[in-house]
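Novice: Sharing a structure below in structure tokens format, with a few things to ask.
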Amino acid sequence: PMKDHFIGYLVYPFVAIPHFLTQLLGFLIAIVPAAIAFFSKGPKHFKRYSNIFKFCEGLPFGKTVFSSLIGFAAPYSASISAHVEEFTDYSVTVSMMDRPWLRNPFSSIHAIALANLGELCSGLATMSMLQTLKGVKGIPIRVDCSYKKKSRGKITCKCSFKEQTLEQLKKLDDTMELKVDA
């Protein structure tokens, strides 16, 4: 159990430095195309998360740049170094790699790191979906996790909304509430 703790100290610089350099290179590559797109398409184009992801996806290290922006906006979620793989208005896929500093004493990924990944993925999907609806706001009232077995390796989380849910949300008016399980 303590082996992972010490391995984490030894391995962290070899993982963190290349990750930081990749982020930095991605931001340096993205800054000029981002400025051109911002001034040519206008700031309204970049109000939706899915549009920002589509823009970043076309750049070298673009997904890393987008994932870093999400980590900057939500620092607690940045602690797991999540990587956004896919992002649409109604579906999000996020992954994280198994790292020694994310492990528990049982040599598996810590339960809260897994919950953090699920919360990040469902939160991004919900925020993106709500951006497509006018006048609809969402308030999370519960986060619930269940664990089937130990987690190791690359963990991928996908959250998507069903067509039924989308149709119900489009029909909402000022006085209605709708509970959604995603």
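Novice: Roll a 1.4 Å probe over the protein chains and send me the accessible area per residue for the stretch 113-169 in Å².
Specialist: Computed with neighbouring chains in place, this is 69 Å² per residue.
Novice: Moving to a separate point now. I'd like the accessible area for T126: 1.4 Å probe, protein heavy atoms, all chains in place, Å² to the nearest 10.
Specialist: Near enough 50 Å² of accessible area.
Novice: Please list F39, F53 from largest to smallest accessible area, probe radius 1.4 Å, with all protein chains kept in place.
Specialist: Working: F39 165, F53 5 Å².
Result of the area sort, largest leading: F39, F53.
Novice: Considering only protein heavy atoms, what is the solvent-accessible area of I31 at a probe of 1.4 Å, reported in Å² to the nearest 10?
Specialist: Accessible area, nearest 10 Å²: 110 Å².
Novice: Please report, to one decimal in angstroms, the Kirkwood hydrodynamic radius of the stretch 1-108 built from all distinct Cα-Cα pairs.
Specialist: 15.4 Å is the Kirkwood radius here.
Novice: A further question follows. What nm distance separates the two modelled labels at L10 and K149, each placed 7 Å from Cα along Cα→Cβ?
Specialist: 2.9 nm
Novice: Still on this structure, please answer the following. Provide C145, C121 ordered by accessible surface of protein heavy atoms (probe 1.4 Å), highest first.
Specialist: On the way: C145 60, C121 0 Å².
My answer, sorted largest first, is C145, C121.
Novice: With every protein chain present, what is the per residue accessible area of the stretch 1-98 (1.4 Å probe, Å²)?
Specialist: Ligands and nucleic acids excluded, the figure is 61 Å² per residue.
Novice: What does the accessible area of D98 come to, in Å² to the nearest 10, when a probe of 1.4 Å is used?
Specialist: 30 Å²
Novice: Of all accessible surface on the chain at a 1.4 Å probe, what whole percent is carbon and sulfur?
Specialist: C and S atoms contribute 62 percent here.
The values are calculated or read from the model by the stated rules, or taken from the named source; none is laboratory data. The shown structure was predicted, so the numbers you read here are calculated from the model rather than taken from an experiment. All Cβ positions, even for glycine, are placed from backbone atoms using ideal geometry, and neighbour counts span all protein chains on display. Just so you know, the surface numbers come from the protein's heavy atoms only, side chains and all, with ligands and any DNA or RNA stripped out. Shrake-Rupley method; radii C 1.70, N 1.55, O 1.52, S 1.80 Å.
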